[in-house]
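Reviewing the structure listed below.
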Amino acid sequence: MSEKSKNPAGGKKEEGLRVPWLLSVEYEYAAGHFATRFFQELRDNGRIWGVRCPGCQRVYIPPRPICGICAGKTGEWVEVSDEGVIVGCTVVNVPFIDPMTGEQRPVPYGFAIIRLDGASTALYHFLEETDPKKLGVGKRVKAVFRPERKGTLLDIKHFRLLD
Amino acid sequence: MPHKVGIVATGQTKHTAKRTDINMRELITEAVTRALDDAGLRMSDIDAVMLGNMEPFEGFMLPELWSVEGWGGLGKPAMKFNTGGTVGTSTAIAAYYFAASGIYDTILAVSFEKQSEGHTQTAITTVGDPLWERTMMAGAIGNFAVMASTYVHESGVTEEHAAKIAVKSRRNACNNEYAHLQMPNLTVEEVLASPYLAYPVRRLDFCPQSDGACALVLATEAKAKKLAPQPAWIKAVATAHEQQYMGDSPRRLAEMRSQRAASQRVYKACGISDPVRDLDVAEIYEVATYAELAMYENLGFCAPGQSGKLIDQGVTTMSGQLPVNPSGGVLATNCIGATAMIRVAEAALQIMGKAGKRQVPGAKLALATGYGGNAWTDALILGRE
């Protein structure tokens, strides 16, 4: 018997077989009472609201029913500014698949964690600027709203540097 | 009072970017077989098994089912853990709880990840809330870079400080036969010449994606003394969690409330007041150079803003007062589900005096940590007594 007939892979050492498998699944998440109200206000009136914890007085964005620190109910809605300060930022250069769309997201893009004036916590969002030299912690930014809004966080197109 | 529990054996695979020669079950079997051989045990000697893995990476809903013959779970008491980056420490800590409570005497803890088989960055992005965070996140890298920028701003650490961490890790890894990225000639200049993945994080500032598995055998005192000449006794364990959203603690990396809470708890339990003086070695879960620098502060190795000075002075190098990650750490090897357990295994090897070329001479007290993105931090102290 020849070497070849003994080994279906052709007689030489082969890498193990690999089997591709593609997952394409749609999910649909309930936003809950607090986020529903937040996104309605954003869509209909272009306004940004948080909720205050009566215990520690923190104004939470995203709004939520429970303050994790006080382990108590929040409740009072408080309007916050569409301007704020960058507390962390980056410009992403590495290409990757966007799980919201299944497509590769165009790079570079700027993204930051922003504390809006009047809020205690900070929000993730895109930055218009993609030059890291022009960005920085502590710089002030303002929300740029889309003219047609659908009730998602992307009703704010991105944040623009003010300084 | 909890029973005294020791780690008596460890097993690791040779971690690498792609293990295309074997499947997930076979990868697990390699680590499990090595751990059992190290202890001189057979699967029938094991009372219970704890298994850890991050299943979204490989796309298996029940990886434990598919791999049960790899981890020896058929008919045995067993549990599976999935806590992000801390999977490996959560799994080890769960094994400790079962032994310390006296429910089981000899426990196998196993963790693994075969990152080459799935989409790691996409899976990590699903950590973010789909309404608020997922749209902006760029896997672990973009999310981490935002946190790093805050830390750089607050601490004044430089790119050179970060590059020194990168060099330390990849050079230490050369003394670890299991490490993935071994770069004996890496220089600070090369790190600084590598491109930005996401500013301020360069390619060589970030961990690789690895395929690998790790296993530990834990035993209660009498058993442990029979199974190992010097068990690595588990002196204290702690786990802590953050708030829900990434922006709830805007200082995240600079502050790391969960890591401060977990480390302070294990230090207190062991009477450690000055970790650099009291610990002999630390194996910490640092996904990037800037994370290691921030963790020096959050783990109490230095005062705020002094982490750059710590690496400049070589305090955390192999010849320093507190060597950090003699194994090369996560910057050299990141098989996510296994990574935190590797920290525990490497800390145990140091205490048992079995760390070979990466041994810290006379190591008596070791810290191991796990860090799960923005959520969990785990900490363990291992000791000779």
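Within the range B:227-244, residues that are touching a residue at least 60 places away in the same chain (Cβ under 8 Å) have Cβ atoms under 6 Å from residues that are surrounded by fewer than 22 Cβ atoms within 10 Å (Cβ to Cβ) and among the charged types (D, E, K, R) in these pairs: B:238/B:265, counting only partners at least 6 apart in sequence or on another chain.
Quick check: is even one residue across the range B:67-86 among the hydrophobic types (A, V, I, L, M, F, W, C), surrounded by fewer than 22 Cβ atoms within 10 Å (Cβ to Cβ) and more than 24 Å from the chain's Cα centre (by Cα)? Yes, there is a match, as at least one residue in the range B:67-86 is among the hydrophobic types (A, V, I, L, M, F, W, C), surrounded by fewer than 22 Cβ atoms within 10 Å (Cβ to Cβ) and more than 24 Å from the chain's Cα centre (by Cα).
Considered as a group, the residues in the range B:1-33 that are buried (at least 19 other Cβ atoms within 10 Å of the Cβ) and part of a helix (DSSP H, G or I) include one that is farthest from the other protein chains (Cβ to nearest Cβ), and that residue is B:32. Determine if the range B:193-205 includes at least one residue that is modelled with pLDDT of 95 or more and within 27 Å of residue B:348 (Cα to Cα). Scanning the range B:193-205 turns up at least one residue that is modelled with pLDDT of 95 or more and within 27 Å of residue B:348 (Cα to Cα). Scanning the range B:361-376 for residues that are on the phi < 0 side of the Ramachandran plot and either of a type in the set (A, V, I, L, M, F, W, C) or modelled with pLDDT of 95 or more (or both) returns B:361, B:363, B:364, B:365, B:366, B:367, B:368, B:369, B:370, B:375, B:376. When we screen B:299, B:365 for residues that are buried (at least 20 other Cβ atoms within 10 Å of the Cβ), over 29 Å from residue B:158 (Cβ atoms) and more than 14 Å from the chain's Cα centre (by Cα), the only hit is B:365. For the range A:98-145, taking the residues that are aromatic (Phe, Trp, Tyr) and touching a residue at least 24 places away in the same chain (Cβ under 8 Å), the one that is farthest from the other protein chains (Cβ to nearest Cβ) is identified as A:145.
Taking the residues in the range B:280-296 that are under 13 Å from the mean Cα position of the chain (by Cα) and within 15 Å of residue B:170 (Cα to Cα) as candidates, determine which candidate is modelled with the lowest pLDDT. In this case the residue turns out to be B:287.
Within the bounds of the range B:54-65, is there any residue that is out of contact with any Lys or Arg (no Cβ under 7 Å at 6 or more places or on another chain), surrounded by 23 or more Cβ atoms within 10 Å (Cβ to Cβ) and modelled with pLDDT of 95 or more?
no
Take residue A:85 and tell me if it is more than 10 Å from chain B (Cβ to nearest Cβ) and within 30 Å of residue B:148 (Cβ to Cβ).
No; evaluated as a whole, the condition is false for this residue.
Among B:210, B:258, which is the only one that is touching a His at 6+ places or on another chain (Cβ under 7 Å) and modelled with pLDDT under 95?
B:258
For residue B:180, the conditions (1) assigned to a helix (DSSP H, G or I); (2) touching a Pro at 6+ places or on another chain (Cβ under 6 Å) are fulfilled apart from (1).
For a quick check of your reading: which helices (runs of 4 or more DSSP H) sit entirely within the range B:189-303 and have at least 1 residues that are among the polar types (S, T, N, Q), out of contact with any Lys or Arg (no Cβ under 6 Å at 6 or more places or on another chain) and within 14 Å of chain A (Cβ to nearest Cβ)?
Helices (runs of 4 or more DSSP H) meeting the threshold: B:257-270.
The values are calculated or read from the model by the stated rules, or taken from the named source; none is laboratory data. Model, not experiment: these values are computed from the prediction. Counting neighbours? That spans all protein chains shown, and the Cβs are built from the backbone with ideal geometry, glycine included.
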